[in-house]
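Encoded as structure tokens, the structure appears first; notes follow it.
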Amino acid sequence: GIIQHYTLRRPCRTMILVNPHSGRGQALQLFTGHIRAMLTEASVPYTLVITEHQNHARELVRNADLTQWDALVIMSGDGLLFEVINGLMEREDWQQAIQTPLGMLPGGSGNALAASIHHYSQSPPAWNEELLLSCGFMLCKGLVGPLDLVSVHLASSQRLFSFLSLAWGFVADVDIESEKYRHVGAIRFLMGTLATRPPFTPQQASPKPGTQGNNKTASPTDSLLPSLDQPVPENWTVVNEEDFVLVLAIYQSHLAEDLWTVPGAMADDGLIHLFYVTAGISRPALLRLFLAMERGSHLACGCPHLVYEKVRALRLEPVSQQGMITVDGEVVEYGPIQAQVHPRMARLICP
Ligand code: ADP
Ligand code: MG
């Protein structure tokens, strides 16, 4: 195929953002214990930034002088990368800013992107410290490849950029079950644990009047999406199902270290992998699906309630009042939501 990698310049001036509360609160210790020496050995100059509060990283990259940095690396879970990507996209110079190579060192409880990147390297599955070391080596090697982003519109006309997933589910149903079966922790991971967190508060970059032209343009347009209050175009497929159990749009291979959700997904395949489970599925069958996902074999289960489509845009209109929507694992406002993929909009340190 085409050569799509380039190598970070040397020395690679790296900002490493650590969320000290992510995962079991050990991200900083994990960094010191496993990554620091590796970076020193590889002569990667880095500055460690420890986040002090939610949206700290987002504000920081929104205002940072990006000419000072060759890479932004996140040592946390997926939530901190979500902040960084949205901070970059809120900048006036977003087109350049989002080209800053992004790296992921797994230090959170949800390390879906790290698990996906590791998987793209065709290495056998790795967990915990082993996964961290694998991602540390990638950072030292400094290969960079394209990453798709998905533009997401919420009912309040807020717009977010997502690198991982958009998910809908019934909180009540799912969370109760997850208390009973440890393995349905998978579903709980999707929805449940997040219920304890306040909904993510979107921040709008205040548009500065009078700064026209140059190489700065308004945020990217979503050519496939009509406004949320308009009907979808006629060539869209409409699924009139009143009773979904869950809907998951994912654009990486893994939803968690042990959930290989999309066997064929790539960071830059230009696709949203849309899964939904329709009502009528028995609880054991739902459990079997999630167990099979550990091996990436859920699609081979022949479950008639599981549907899988590859799409470039989607809209979700919840009928039920009760439910939860997450974007990259962060809870967002509940209501109609739509999304479109932007192939290769960002760059990722990858195998
Ligand atoms: P985890 O995978 O453990 O949930 P994340 O990286 O997803 O880790 O972070 C969880 C949440 O914490 C995210 O919403 C993130 O924005 C937020 N956050 C980041 N830094 C801090 C901090 N210093 N204090 C509190 N929350 C933070
Ligand atoms: Mg998280």
Contacts under 9 angstrom Cβ, first residue in segment 108-131 being over 20 Å from Gly79 (Cβ atoms) and hydrophobic (A, V, I, L, M, F, W, C), partner part of a helix (DSSP H, G or I) and within 13 Å of ligand 1 (Cβ to nearest atom), 6 or more apart: Ala126/Ala115
Out of Gly79, Gly33, Gly87, sole residue that is within 16 Å of ligand 1 (Cβ to nearest atom), out of contact with any Lys or Arg (no Cβ under 6 Å at 6 or more places or on another chain) and of a type outside the set (A, V, I, L, M, F, W, C): Gly79
Qualifying residue in segment 127-139 (condition: at pLDDT 95 or above, under 15 Å from the mean Cα position of the chain (by Cα) and crowded, with 22+ Cβ neighbours inside 10 Å): no
Positions within segment 93-118 being farther than 14 Å from Leu132 by Cβ, touching a helix residue (DSSP H, G or I) at 6+ places or on another chain (Cβ under 8 Å) and hydroxyl-bearing (Ser, Thr, Tyr), in sequence order: Thr100
Test for Leu299: is it without any contact (Cβ under 8 Å) to a residue 60 or more places away in the chain and more than 22 Å from Gly329 (Cα to Cα): yes
Failed item, numbered, when Glu41 is tested on (1) surrounded by 11 or more Cβ atoms within 10 Å (Cβ to Cβ); (2) over 20 Å from the mean Cα position of the chain (by Cα): (1)
Listing of helices (runs of 4 or more DSSP H) fully contained in segment 64-139 that carry 2 or more residues being within 13 Å of ligand 2 (Cβ to nearest atom): 78-89, 112-120
Qualifying residue in segment 17-27 (condition: surrounded by 17 or more Cβ atoms within 10 Å (Cβ to Cβ), in contact (Cβ under 8 Å) with a residue 24 or more places away in the chain and more than 9 Å from ligand 1 (Cβ to nearest atom)): no
Which numbered condition Thr47 fails, given (1) in contact with a strand residue (DSSP E or B) (Cβ under 6 Å, 6 or more places away or on another chain); (2) farther than 19 Å from Leu143 by Cβ; (3) within 16 Å of ligand 1 (Cβ to nearest atom): (3)
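The values are calculated or read from the model by the stated rules, or taken from the named source; none is laboratory data. All values derive from a computational prediction rather than experimental measurement. Cβ sites come from the backbone with ideal geometry, for glycine too, and all protein chains shown count toward neighbours.
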